[in-house]
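Okay, so here's the structure we're looking at.
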Amino acid sequence: MNLKIKFVLILALLVSIILLLEAFHLLTWIVIVGGALLIVIGAYMFVRQVTQPLKRLNEQIKRISASNLKERVTLDTGSNELQQIAASFNAMLERLQKGFEVQNSFVHHASHELRTPLANMLAQTEVALKRDLSSLEARQVLQSLREEQQELIELTNSLLLLTQYEKISSSSGWPQVRLDQLLYDTIDLVKGIYPDIRWSVSFSDMPEHELALSVKGNDALLRSACKNLIKNAYQYSTNKNVTITLETGPDTVSIVIDNEGPVLSASEQDRLFIPFFRGANAMGTKGFGLGLLIVSRIVQLHNGKIIYSTPRTGLNRFTVVFGR
């Protein structure tokens, strides 16, 4: 009898152990599945929290087009990386907006400048057609038309030059250009246009080596820049005298061009290199306000800088600084 009781007890114990093992096995699976679900839910919430600012940023970016470049993206929440992306995108929009504004202004002014000589030519032609002109009168009309046509050609050439300069992205491979020789050649060219020009070229100090007067650059572009500066100095000079000084430094060479005449106000100086800008001293002087813009673009292509200053009353000075 005792053996039967012991057997039953042992059997009951084994059954209990088996049941416990099954319960533990089930509990283990419940824990595993529950943990996995918690991980999935947590990961989903985390990803949603992380991607939500990115989605808002993407939606804002999609709403921006060429017609509303003034819009800016904003992020109230998000990681530092997303905040930096938003800031960089806003900075890019700022540059694009300014570029579009400059382009629109450029097209507007170019259209206006083109329309004026065309309108003058049309008016003169209509008047001439309504009258029986003598040979002298017909010649005067033709001369006037030729002047208007020359202005159109000059404006068109200036616009084409600016377009070409925008396409130049690299200065690699440019040779060394002697600025002193280039200036003398340019002055000879300007003398053919303005025979009454008076000029002088001097050196702040005579360098020991000719390379001190040389810069790495494009000869044709540099000639165009110097020509525009010398013509500008002549046109706005009260005595038709242009003074040019070459200055050399340890790592720079500068061209300084002076002329006597009315100086620009502070507000005019801020707009000096804007397309089609002409100062108050331009009254009675032909031009389109593109010469200094062309000079500025050429100087930038050569990694230089151009500075306007008035060392004293009645003295205009343009200083172009190139690195060597």
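Quick one: helix 135-167 against the long Cα principal axis of the chain, what's the angle to the nearest 10°, folded into 0 to 90?
Computed tilt is about 30 degrees.
Between LYS62 and LEU118, what's the calculated FRET efficiency when r is the beta-carbon distance and R0 is 30 Å? Round to 0.05.
Taking R0 as 30 Å, the efficiency between LYS62 and LEU118 is 0.10.
Taking Cα pairs under 8 Å and at least six residues apart, what relative contact order does the chain come out at, in percent?
Averaging sequence separation for qualifying contacts and normalising by length gives 13 percent for the chain.
Using only the Cα atoms of the chain, build the gyration tensor, take square roots of its eigenvalues as a ≥ b ≥ c, and label the shape rounded, prolate or oblate: rounded if a/c is under 1.5, else prolate if a/b is larger than b/c, else oblate.
Judged from the Cα gyration tensor, the chain comes out prolate (a/c at least 1.5, a/b above b/c).
Need the full-extension length gain, ASP219 to ALA266, defined as separation in residues times 0.36 nm minus the C-alpha distance. One decimal, nm.
Full-extension gain reported as 13.6 nm.
Which FRET efficiency value, to the nearest 0.05, is calculated for LEU136 and SER88 with the Förster distance at 56 angstrom and r the Cβ-Cβ distance?
0.25
Quick one: angle between helix 291-301 and the longest Cα principal axis of the chain, in degrees between 0 and 90, rounded to 10, please.
50 degrees
Quick one: length gained pulling VAL47 to ASP185 fully straight, 0.36 nm per residue minus the C-alpha distance?
Here the answer is 42.8 nm.
Angle check, please: helix 2-63 long axis (alpha carbons) against the longest principal axis of the chain (alpha carbons), in degrees 0 to 90, nearest 10.
10 degrees
First check a/c for segment 182-259, with a ≥ b ≥ c the square roots of the eigenvalues of its C-alpha gyration tensor; if it is under 1.5, answer rounded, and if not, answer prolate when a/b is larger than b/c or oblate otherwise.
prolate
Where the centre of each part is set by its Cα atoms, how far does segment 47-96 sit from segment 208-225, in angstrom?
46 Å
Take each of the peptides 232-242, 137-147, average the number of other beta-carbon atoms within 10 Å over its residues, and list them starting from the highest.
Ranked from most to least packed, the peptides come out as 232-242, 137-147.
Which FRET efficiency, nearest 0.05, do GLN97 and PHE203 yield, Cβ-Cβ r, R0 41 Å?
0.35
Cross-link list LYS55/LYS98; LYS130/LYS191; LYS216/LYS240; LYS70/LYS231; LYS191/LYS305: which exceed 29 angstrom alpha carbon to alpha carbon?
Over 29 Å apart, Cα to Cα: LYS130/LYS191; LYS216/LYS240; LYS70/LYS231.
Using a cut-off of 13 Å between beta-carbons, work out the net charge of the residues near VAL50 (Lys and Arg +1, Asp and Glu -1, VAL50 not included).
Net charge around VAL50: +2.
Mind checking which of ASN218, ASN80, ASN228 has the largest fluctuation in a GNM of the chain, springs on alpha carbons under 10 Å?
Ranking ASN218, ASN80, ASN228 by mean-square fluctuation puts ASN80 first.
Using Cα springs under 10 Å in a Gaussian network model of the chain, which residue among PHE100, PHE273, PHE89 shows the largest mean-square fluctuation?
Largest GNM mean-square fluctuation: PHE89.
Roughly speaking, what is the stretch gain from LEU21 to GLU154, that is 0.36 nm per residue apart minus the C-alpha to C-alpha distance, in nm to one decimal?
38.0 nm
Values in this text are rule-based calculations from the coordinates and carry no lab data. For clarity, every value in this text was computed on a predicted model and none was experimentally measured. As a convention, Cβ positions derive from the backbone with ideal geometry for all residues, glycine included, and neighbour counts pool all protein chains shown.
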